[in-house]
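K.L.:
One structure follows; several queries about it will come next.
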Amino acid sequence: LCRIHYHFGESGNYSLEVKVLSRSTQTVSCDLSINEDPINSYLPILFAFLVYMGILAAVIAGHLLMKIDPVRSWVCKKLNPRETEQLINSELDSPGRADSLGSDLSSQPLWSSVPRQRLRSLDTFRGLSLIIMVFVNYGGGKYWFFKHESWNGKLHFQTAFSSRFVFIMGTSVSLSLSSMLRWGNSKKKVLLKILWRSFLLILLGIVVVNPNYCLGPLSWDNLRIPGVLQRLGFTYLVVAALQLPFTGIVSENVPEMPPPALQDILPYWPQWIFILTLEVIWLCLTFLLPVPGCPRGYLGPGGIGDFGKYPNCTGGAAGYIDRLLLGEKHIYQHPSSSVLYQTKVPYDPEGILGTINSAVMAFLGLQAGKIILLYKDQHKQIMSRFLIWSIVMGIISAALTKCSKDEGFIPINKNLWSISYVTTMSCFAFILLLLIYYLVDVKRLWSGAPFFYPGMNSILVYIGHEIFENYFPFKWKMQDSQSHAEHLIQNLTATTLWVLISYILYRKRIFWKI
């Protein structure tokens, strides 16, 4: 009858009046009236931003005051002198001083050949990715741009940062393996540690994603097998085992070194063949595997998507493999696509096929670690290599997606962990790592706080936020469940608490390692 373009505001109440002006000419008028004005749903974000900026300003002011001798002397008298010195040097000013403190207590990746000195930017990168992930998992204030993407397209906060956790894990693998061998561990011993850590990650993941452990023993009838930690465990196993035989190759005296532009690639050509083979397997299974009732190579959400032609084809080959090998009751029952596309079949975003590309993502992070080890303290070369890799990944993404949401060869899709999603996220990850590396480790303009602290206890923070998600003080009953302000206060409070917990653990020199 009529077509109207209108931007509707949140919580507004509208009426559409359709009037027939002339029956003979079939003229129709459509008028939109506002019964109740919409609210400005972004004001809570502005208020929260101002609060956190106020806290930051207070910290900076305290830092400046501590540079005044009378104030510094007064504080030293009131507090323990040793603790005061550590607070001033490690928390507010000098990243280098805190490096030696944290490195004595953790077997995370070590930097260069300097004994027990951490590359602080990696922990900051890891902590930033983790805290954003925690905030979004808690609800993200119920804003659309903090929610999980239903299927193809937009790069929301959670989409962008959860994958970077996988990326930085690959970077840490390169540095940590080099460190362990440099401290005298045999490759056999390191391999056993890799296997044990992978097993623990998978086991912890199965416990965490099945929250009925408080009600009794886990039941196999509806036990979910895939999950975030399980994927991290398998990814870590693949990437660490792949890197272990080549660890130390850069420091060996190679008669004919490859050209400088390829120093971080050619010595590792067997790794690249293996990773490219994995990707070929993913492509063949995704686009060539026959799926009953679905077109070959289907990448859609199923349900009412694609005009409802393929209602039971959610995820195409990826969903089919999971249901075939794991069983429908052992995968995620409420995928993000179920709300928008009304899908009926279960689909697991951490499924088997997507784990292949998760390993590819971690391998690209591993590449960043190789660059750091290869060029050591040559900051310009390290940052230029990060920039080059970012550009290469961006070009590949543009070619795969044709710079569109749905029209490309392989769309960006986190649920499928498509290869275009991996290259796009890697592009941004290299850029973000470059910026943090420049600010934290090169210029030392930023200590990495507060993200550095959860980055030092990442496994504890992730598991803790999953287990205590529904307990006070991380969650409480709200008066208005539709209020962005209440949701934002609750989610930011919960996220901030985990930052404070990780800071206290850091000060107490407590680090949970597996």
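K.L.:
Longest exposed-loop-site-free stretch of the chain, with GluC sites (Glu not before Pro), DSSP loop and at most 14 other Cβ within 10 Å?
P.N.:
Numbers: sites that count: 10, 252, 256, 407.
Result for the longest clean stretch: 11-251.
K.L.:
How big is the accessible area of residue 30 in square angstrom, nearest 10, if you roll a 1.4 angstrom probe over the protein chains?
P.N.:
Rounded to the nearest 10, the figure is 30 Å².
K.L.:
Relative contact order of the chain: what whole-number percent is it, with Cα pairs under 8 angstrom and at least 6 residues apart?
P.N.:
Working: 745 pairs, mean separation 101.5, N = 514.
Over the chain, the number comes to 20 percent.
K.L.:
Could you work out how much longer the chain between residue 221 and residue 186 gets when fully extended? Use 0.36 nm per residue separation minus the Cα distance between them, nm to one decimal.
P.N.:
Values: separation 35, 0.36 × 35 = 12.60 nm, distance 4.21 nm.
Fully extending the segment from residue 221 to residue 186 adds 8.4 nm.
K.L.:
Tell me the label-point distance for the pair residue 493, residue 478, using the 7 Å Cα-to-Cβ offset, in nm and rounded to one decimal.
P.N.:
With each label point 7 Å from Cα toward Cβ, the separation is 1.2 nm.
K.L.:
Also, quick follow-up: Along Cα→Cβ, 7 Å out, is where each label goes; now give me the distance between the ones at residue 333 and residue 47 in nm to one decimal.
P.N.:
Distance between label points: 3.7 nm.
K.L.:
In what sequence, largest accessible area first, do 264, 480 appear using a 1.4 Å probe?
P.N.:
On the way: 264 0, 480 70 Å².
From most exposed to least exposed: 480, 264.
K.L.:
Among 41-48, 175-182, 397-404, 372-379, how do they line up by average Cβ neighbours within 10 Å per residue, starting with the highest? Could the numbers behind the result be given before it?
P.N.:
Values: 41-48: 14.2, 175-182: 20.8, 397-404: 16.5, 372-379: 18.0.
Descending mean neighbour count gives 175-182, 372-379, 397-404, 41-48.
K.L.:
Could I get the Rg over Rh figure for the chain? Both from C-alpha atoms, Rh via Kirkwood, rounded to two places.
P.N.:
Details: Rg = 25.6 Å, Rh = 25.4 Å.
Radius of gyration over Kirkwood radius for the chain works out to 1.01.
K.L.:
Moving to a separate point now. Taking the alpha-carbon centroid of each part, what is the distance from region 409-456 to region 489-514 in angstrom?
P.N.:
Comparing the Cα centres of region 409-456 and region 489-514, I get a distance of 21 Å.
K.L.:
Report the semi-axes of the equivalent ellipsoid for region 390-514 in whole Å, largest first, where each axis is √(5λ) for an eigenvalue λ of the Cα gyration tensor.
P.N.:
Numbers: eigenvalues 217, 116, 39 Å².
That gives 33, 24, 14 Å for the three semi-axes.
K.L.:
Rolling a 1.4 angstrom probe over the protein chains, ignoring ligands and nucleic acids, what is the accessible area of residue 280 in square angstrom, nearest 10?
P.N.:
Solvent-accessible area, nearest 10 Å²: 80 Å².
K.L.:
Also, I was wondering about something else. Using only alpha-carbon positions, what ratio does the radius of gyration of region 291-431 give when scaled by 2.2 N^0.38 Å? Please list the in-between numbers first.
P.N.:
Numbers: Rg = 17.9 Å, N = 141, 2.2 N^0.38 = 14.4 Å.
So the Cα radius of gyration is 1.24 times the expected 2.2 N^0.38 Å.
K.L.:
Looking at this model, which pairs from 188/513; 344/402; 193/414 are more than 27 angstrom apart at the alpha-carbon? Mind showing how you got there, number by number?
P.N.:
Values: 188/513 20 Å; 344/402 31 Å; 193/414 30 Å.
Over 27 Å apart, Cα to Cα: 344/402; 193/414.
K.L.:
Give me the distance in nm between label points sitting 7 Å out from Cα along the Cα-to-Cβ direction at residue 340 and residue 57, one decimal.
P.N.:
For residue 340 paired with residue 57, the spin-label model returns 3.8 nm.
K.L.:
Going through the cross-link list 142/477; 376/443; 189/376, which pairs have a Cα-Cα distance over 18 Å in this structure? If you can, show how the numbers build up before the last one.
P.N.:
Numbers: 142/477 15 Å; 376/443 16 Å; 189/376 26 Å.
Check vs 18 Å cut-off fails for 189/376.
K.L.:
Using protein chains only and a probe of 1.4 angstrom, how many square angstrom of residue 72 are accessible, to the nearest 10?
P.N.:
80 Å²
The values are calculated or read from the model by the stated rules, or taken from the named source; none is laboratory data. Note that this is a predicted model, so its numbers are computed, not measured. Note that each Cβ is placed from the backbone with ideal geometry, even for glycine, and that neighbours are counted across all protein chains shown. Areas reflect the complete protein model, heavy atoms only, side chains present, ligands, DNA and RNA absent. Shrake-Rupley method; radii C 1.70, N 1.55, O 1.52, S 1.80 Å.
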